[in-house]
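Reading through the structure tokens given below for one structure.
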Amino acid sequence: CISRLPQADLRVISDSVLLYRVSSRLVYRNDVIGRCTGLQRGDTLITQSYSSQICRGDIARVANLPSGMVTGSCALGDFMPYRSPAK
């Protein structure tokens, strides 16, 4: 799991790979379970969680905000940490 607060910076690599930057030195990679179809074309990821964290297995929906249409869904996978070395 990773904390929702402070807000992590989400970067979409593909419909199945997400990167969450939580600090200048720490990034988490998440290989989603399934494919969040629509992310690569710019649709919005909406996660639903009942705590202050997002975790493996949380369901994520992908929506096109202008149309209000849900374009895909997936579950979050494991959060793999990557740290850059100290300078």
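The values are calculated or read from the model by the stated rules, or taken from the named source; none is laboratory data. Fair warning: this is a prediction, and the values are worked out from it, not measured in the lab. Don't worry about glycine lacking a Cβ; one is built from the backbone with ideal geometry, like all the others, and counts go over all protein chains shown. For the accessible areas, the whole protein counts, side chains as well, though only heavy atoms, and no ligand, DNA or RNA atoms are used. Shrake-Rupley method; radii C 1.70, N 1.55, O 1.52, S 1.80 Å.
Condition check for A8 on (1) in contact with a Cys (Cβ under 8 Å, 6 or more places away or on another chain); (2) closer than 30 Å to K87 by Cα; (3) of a type in the set (G, A, S): one failure, at (1). Filtering V27, V12, V70 for residues that are touching a Lys or Arg at 6+ places or on another chain (Cβ under 6 Å), part of a strand (DSSP E or B) and open to solvent by 40 Å² or more (accessible area, probe 1.4 Å) leaves a single hit, V70.
Scanning segment 73-87 for residues that are more than 13 Å from the chain's Cα centre (by Cα) and either of a type in the set (K, R) or surrounded by 15 or more Cβ atoms within 10 Å (Cβ to Cβ) (or both) yields R83, K87.
Of all residue pairs spaced 6 or more apart or on separate chains, those with beta-carbon atoms under 9 Å, a first member in segment 14-27 that is of a type in the set (D, E, K, R) and a second member that is open to solvent by 30 Å² or more (accessible area, probe 1.4 Å) and part of a strand (DSSP E or B) are R21/D9; R21/L10; R21/R11; R21/Y28; R25/R83. Looking only at segment 38-67, filter to residues that are assigned to a loop (DSSP other than H, G, I, E, B), open to solvent by 60 Å² or more (accessible area, probe 1.4 Å) and touching a strand residue (DSSP E or B) at 6+ places or on another chain (Cβ under 9 Å); which one of those is modelled with the lowest pLDDT? The selected residue is Q48.
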